[in-house]
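Report on the structure given below.
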Amino acid sequence: MTDGHSTSGNTTVLNDMSNYETYNKILLIEDNPGDARLVELLLGESDLLNCQVVNKTTLALGLEELEANDDYEAILLDLTLPDSRGFETLEILLDKFPENNVIVLTGLSDKSLGVNAVKAGAQDFLIKGAFDADGLAKSLRYSIERNNVLKRLEETQRIAGIGNWEFNSDTDEYKGSDEVFVIFGLKPKKGALKGKETFAANSPLDIFNQIHQETIADPQKTIKKDIKIQRTDGTIRYAFVQCTANKSAENNLVLSGIIQDITERKLTEQEMVKSQERYQEIFSKSNDAIYICDKKGVLVDFNEATTRLFGFNAFEMKGKNIHNLLSPVASRFELIERLESKGTVKDFEIEIEQKSGDRKYCIITANNLEKEDFQGYNGIIRDITERKQAEELIKARDLARQSAKMKEQFIASISHEMRTPMNAVLGMSNLVIKTKLDDEQFNYISSIKQSSEILLGIINDILEISTLQNGKVDFEYKDFDLHELLANLINVMQYKFKEKDMVFEVEIGEKVGRYIKGDKLRLNQVLYNLVGNGVKFTDTGHVKLKVQNLNENEGIVQLNFEVEDTGIGIPADKLGAVFETFTRVRNKNRIYEGTGLGLSISKNLIEQQGGKIGVRSVLGEGSTFFFDLVFEKGSEVLGIREEDSIDDVEFEGDIDLLLVEDHKMNQLVARKTLEKQWPDIRITIADNGQIAVNLLKERKFDIILMDIQMPIMDGYEATDYIRNHMPAICNMPILAMTAHAHISKDEKFKEYGMDDFVLKPFEPKQLFNKIAKYVQRNNINE
Ligand code: ADP
């Protein structure tokens, strides 16, 4: 195959196509060969039509041919065929091929049959023997053209979703274009349909009957109606029907009209209504003010929240200029300026003025609104007053926290600064008091010593209350022996009672368990304070401490403590105030020493552990302070002493001690105190950590007393250096000496590798014990 253009297949198709364009294909269903030949001859003769005729001799063969070829433009149908006779023949054909263009051929005697055939849907009828060539060709040609026009109309209707129809109420006949049937979900039928039974309940007939009733009531009226159709398959369609009443040729009332499928539009409309309802709901229920105003700010529309926000009722609100209700004026102008220049503002912070004159903090989001018939803005205003207030509260709280923290830091550093010289004062007093003194000198020194001790107590209390008020206290939960704690309390208090010749009674309830779990030191502190106040404010009589079991279940005990005295009492109007900081009840006759901090510390300690503290008192007769606290039930603890006490006799103090301390007075106090205790002790002093480290490179010591806060190299750094960079002596005992009262709590000294600490001002005995303990331990280890 060398030439691709000359295949025989292609050529045939092209010829066919040109045939198709030139010839009208006509099916002739006719059993009489003479009649058939005549038709062919006549058609060949006429110039009106150029056609190709195919002859079939029975209805069955004709149907078969139509089945096989759908390109016939007209059918000439003889109504008298061997397999079908009369009108039925047409019905059968139209039923199967309703689209086809049928011209009926009848005999002269059957003229009325032809008329009926046309009524039933045939295009025309021809009487055999009564037509000539042109008559036949004309009829065919017209019918073909008409059919084409009809087809185009049907097509147009199909595209537009419009059908046209007619209903003759007198004959109960209905005719409709295909699209009418399509709209109703039915199979199209040509010709007039009779009787309601042809249709389902949703049929056009039914609906047209309704329309008919209305037309009868007012025949002049053009009926326009939206109808809802439920197709037999259940789907819902919407249609628009418009019709008028006319008189038919037979003078019958005929309704003619159109029907249009408007389902899509209707659904869109419904959707729009729904969404409009939704928006309306949002608009009316919104908590934010939503409004529309014109370019000047005059309100056109607004929701209920707008009236709520501004405090005007809807009537007052209407026509108000919303921009004038915004303040401060500078912000208002900025907002308007932005709207005018940019057409939008977002989350713009502003205040609004209410009817009452009150102001609210708000944010506005507004946008240009450009419509054909309206120009303005729409906007949303949100009330953020509460949020703003909350933010301010948070700011205030943060500020308060910050200042509390600063206060705490201030107090901590002040107390450190005070304790350092206090160490010197107390230490010196301790040293002087042991020298040879006359009575007068002894009294002076004793006063200095006592006053220093009181001052130290005050410093400690102030530091403690500041920590407590910041709520930063960690409480301990350890088993302890309550009986032992009370016995110690009696011991410690004893001398105060002896001085005043008073009695201290302790009464422990039968059910009070011996071992409990909780913060032993804090309990001791509170009891010490209450009992101490008891003796302080009583001159004759007793102080009685009662412990009672209030409640007990599932491993928990609630204990009640009462400290009753027979002292001066507290005036009723001062009872509430005694727990406040720095509150002291004035007494004209006598001055009692104190700061007014003890009870407030106690109250804080009790309450922060979930307890309650209170007081009853009768002026001149005595007071009873009481509190209750919840403990876990404890398990037995062995009576270990607080300090592992070292017998002084056993420890000779023949040691080399390195004292690292920058404060000259404190160097002296420590040195003298130690030399008094152990005459054989050799003390070397380093002014700071750096000097100490240098010294340690040259020689050995048995123990280091290390101050923490020092210039050049502080105690932590020095210890860290010794522990990590001086392997030969890295295990030597190091005792921290510090005026930082916090140290016992944060245990930082352990972190830096110190063995233990002594708080300045130091208790000489405690210092001796610790030195002895660590030197001996180190000797054993070596
Ligand atoms: P301080 O005892 O250091 O003044 P407190 O906080 O312990 O501080 O007590 C505050 C005040 O409450 C005391 O100054 C005193 O006026 C009064 N007060 C406390 N305990 C008693 C008591 N047992 N009898 C009479 N007054 C008391």
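The values are calculated or read from the model by the stated rules, or taken from the named source; none is laboratory data. What you see is a predicted model, and the numbers here were worked out from it, not measured in a lab. Ideal geometry is used to build each Cβ from the backbone, glycine not excepted, and the neighbour counts take in all protein chains shown.
Here are a few things to note about the model shown:
- The set of residues from region 559-581 being of a type in the set (A, V, I, L, M, F, W, C), in a loop (DSSP other than H, G, I, E, B) and either crowded, with 19+ Cβ neighbours inside 10 Å or not assigned by TED's automatic domain parsing to the domain that holds residue 604 (or both) comprises 568, 570, 578, 579.
- Check on residue 458, among the hydrophobic types (A, V, I, L, M, F, W, C), surrounded by fewer than 18 Cβ atoms within 10 Å (Cβ to Cβ) and touching a residue at least 12 places away in the same chain (Cβ under 8 Å): yes
- Selection status of residue 728, out of contact with any strand residue (DSSP E or B) (no Cβ under 7 Å at 6 or more places or on another chain) and of a type in the set (Gly, Ala, Ser): yes
- Restricting attention to region 145-162, the residues that are of a type in the set (Asp, Glu) and either touching a residue at least 12 places away in the same chain (Cβ under 8 Å) or surrounded by 18 or more Cβ atoms within 10 Å (Cβ to Cβ) (or both) add up to 1.
- Selection of region 68-110 for residues being of a type in the set (D, E, K, R), touching a residue at least 12 places away in the same chain (Cβ under 8 Å) and assigned to a helix (DSSP H, G or I) yields 91, 96, 110.
- Some residue of region 701-709 being at pLDDT below 90, hydrophobic (A, V, I, L, M, F, W, C) and on the phi < 0 side of the Ramachandran plot: yes
- Residues that are without any contact (Cβ under 8 Å) to a residue 40 or more places away in the chain and more than 19 Å from residue 24 (Cα to Cα), drawn from region 128-144: 129, 130
- Within region 413-455, considering residues that are polar (S, T, N, Q) and surrounded by 15 or more Cβ atoms within 10 Å (Cβ to Cβ), the one nearest to residue 761 (Cα to Cα): 423
- Conditions (1) closer than 19 Å to residue 490 by Cβ; (2) within 13 Å of the ligand (Cβ to nearest atom); (3) polar (S, T, N, Q): number failed by residue 524: (2)
- Residues in region 657-708 that are assigned to a loop (DSSP other than H, G, I, E, B), under 29 Å from residue 433 (Cα atoms) and under 60 Å from the mean Cα position of the chain (by Cα): 661, 662, 663, 708.
For (1) within 12 Å of the ligand (Cβ to nearest atom); (2) out of contact with any strand residue (DSSP E or B) (no Cβ under 6 Å at 6 or more places or on another chain), each residue gets a yes or a no:
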| position | (1), (2) |
| --- | --- |
| 550 | no, no |
| 554 | no, yes |
| 566 | yes, no |
| 572 | no, yes |
| 577 | yes, yes |
| 580 | yes, yes |
| 583 | yes, yes |
| 588 | no, yes |
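- Among the residues of region 590-599, those identified as near the ligand (Cβ under 8 Å from one of its atoms) and either more than 15 Å from residue 462 (Cβ to Cβ) or at pLDDT 90 or above (or both) are 592, 593, 598, 599.
- Any hit, region 394-404, residues being among the hydroxyl-bearing types (Ser, Thr, Tyr), surrounded by fewer than 15 Cβ atoms within 10 Å (Cβ to Cβ) and at pLDDT below 90: yes
- In region 249-278, the residues that are closer than 17 Å to residue 212 by Cβ reach residues that are in a helix (DSSP H, G or I) with C-beta atoms within less than 7 angstrom, at least six apart or across chains, in these pairs: 255/208; 255/211; 255/212; 255/215; 259/180; 259/183.
- Flag if residue 166 is surrounded by 18 or more Cβ atoms within 10 Å (Cβ to Cβ), under 60 Å from the mean Cα position of the chain (by Cα) and in the same structural domain as residue 213 (by TED's automatic domain parsing): no
- Qualifying residues in region 94-122 (those that are farther than 23 Å from residue 152 by Cα and out of contact with any helix residue (DSSP H, G or I) (no Cβ under 9 Å at 6 or more places or on another chain)) - the one surrounded by the most Cβ atoms within 10 Å (Cβ to Cβ): 114
- Residue within region 713-725 that is touching an Asp or Glu at 6+ places or on another chain (Cβ under 7 Å), closer than 23 Å to residue 663 by Cα and either assigned to a helix (DSSP H, G or I) or at pLDDT 85 or above (or both) present: yes
- Candidate set: region 528-548, residues that are surrounded by fewer than 20 Cβ atoms within 10 Å (Cβ to Cβ) and within 15 Å of residue 508 (Cβ to Cβ); chosen: the one farthest from the ligand (Cβ to nearest atom): 548
- Among (1) within 40 Å of the chain's Cα centre (by Cα); (2) more than 30 Å from residue 317 (Cα to Cα); (3) of a type in the set (A, V, I, L, M); (4) buried (at least 17 other Cβ atoms within 10 Å of the Cβ), the one test that residue 289 misses: (2)
- Across region 151-164, the qualifying residues are those that are in contact with a Ser or Thr (Cβ under 7 Å, 6 or more places away or on another chain) and part of a strand (DSSP E or B), and the one among them that is nearest to residue 251 (Cα to Cα) is 164.
- Matching entry among 220, 276, 213 (being farther than 23 Å from residue 186 by Cβ and assigned to a helix (DSSP H, G or I)): 276
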